[in-house]
Ligand code: KIV
Ligand code: NA
């Protein structure tokens, strides 16, 4: 078996096939998704919120991203692994972006990187692609800019919609192989999807994108508290894991574990 490549992803759009993407932050979880046939996994800087205990994605470092990306690569055989360039690792310019992306490709072994921004990031995308590193772009809501934009639906109103379409075209022209659309009205996401020859990957962007991505801890019901409206929860892992821990604790305290079958003589 060989890994899925960015060329396979391009072929899927030509054939009109939709595809799923999930985030992953560790080898064990990634191996479960690989066995389940998830073709593309994102080592998202959402690891800041869901894995490392930060409040936002902003504090995530390139060291953290490299370490967890390497684990996800080791845990998988088939999926294309995409790693986020964290905040501060590409905003200085194309050369900084290339240095950061090279680290993720060489030290972690990822097949592609993702960065945020449309027109504002097109020079970074161009240099990475020229250098042989496939790039997934990310427009609409870009969480690394939370301090400037907050968390709200993007591209509402005619001017904002035009700007979003321009951003999506700019990343395509710069050579991105796909683009994430985050928190964008469904009609606009459909228009962007029709206008581009590269696939759109929606999150809170309606049903007409070429692909859909969810943060795995949201998808599987592992996240604490409320999840955003665009999430569908396919399991209740937080409850299942908590129940198992409570049952173990009760058995230990009550002397019901270990029993004969768990014991060596
Ligand atoms: O970091 C992340 O999980 C992401 C996805 C939500 C697209 O960027
Ligand atoms: Na991200």
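In this label model, residue 78 and residue 260 are separated by 4.3 nm, measuring between points 7 Å along each Cα→Cβ vector.
Hey, what did the chain get for relative contact order, percent, Cα under 8 Å, at least 6 apart?
Values: 504 pairs, mean separation 40.2, N = 265.
The value is 15 percent.
Any idea what log10 I(q)/I(0) is at q = 0.11, 0.13, 0.14, 0.21 Å⁻¹ for the range 46-199, Debye with uniform C-alpha scatterers and no solvent? Here the Debye-derived log intensity ratios amount to -0.41, -0.58, -0.68, -1.39. The long axis of helix 237-254 is offset from the longest Cα principal axis of the chain by roughly 20 degrees.
Per-residue Cβ neighbour counts within 10 Å put 45, 208 in the sequence 208, 45, beginning with the fewest. Within the listed set 108, 240, 211, the Gaussian network model of the chain (springs between alpha-carbon atoms below 10 Å) gives the highest mean-square fluctuation for 240.
Between 149, 47, 21, the GNM of the chain built on Cα springs shorter than 10 angstrom shows 149 fluctuating the most.
Please report the equivalent ellipsoid semi-axes of the chain, computed as sqrt(5 x eigenvalue) of the Cα gyration tensor, largest first, in whole Å. It would help to have the intermediate numbers written out before the result.
Working: eigenvalues 241, 86, 65 Å².
With the √(5λ) rule applied to the chain, the semi-axes are 35, 21, 18 Å.
Seen against the Cα atoms of the chain and their longest principal axis, helix 186-195 is set at about 60 degrees. Give the angle, between 0 and 90 degrees and rounded to the nearest 10, that separates the Cα long axis of helix 94-103 from the longest principal axis of the Cα atoms of the chain. Approximately 30 degrees, to the nearest ten. Relative protection proxy for 10-19, 219-228, 96-105, from highest mean packing down: 96-105, 219-228, 10-19 (other beta-carbon atoms within 10 angstrom).
Sorted ascending by nearby beta carbons within 10 Å, beginning with the fewest, 264, 248 become 264, 248.
Here, each number is a calculation from the coordinates, and none is a lab measurement. Please read these numbers as outputs of a predicted model, since none were measured by experiment. Positions of Cβ are generated from backbone atoms using ideal geometry, with glycine treated the same way; all protein chains shown enter the neighbour counts.
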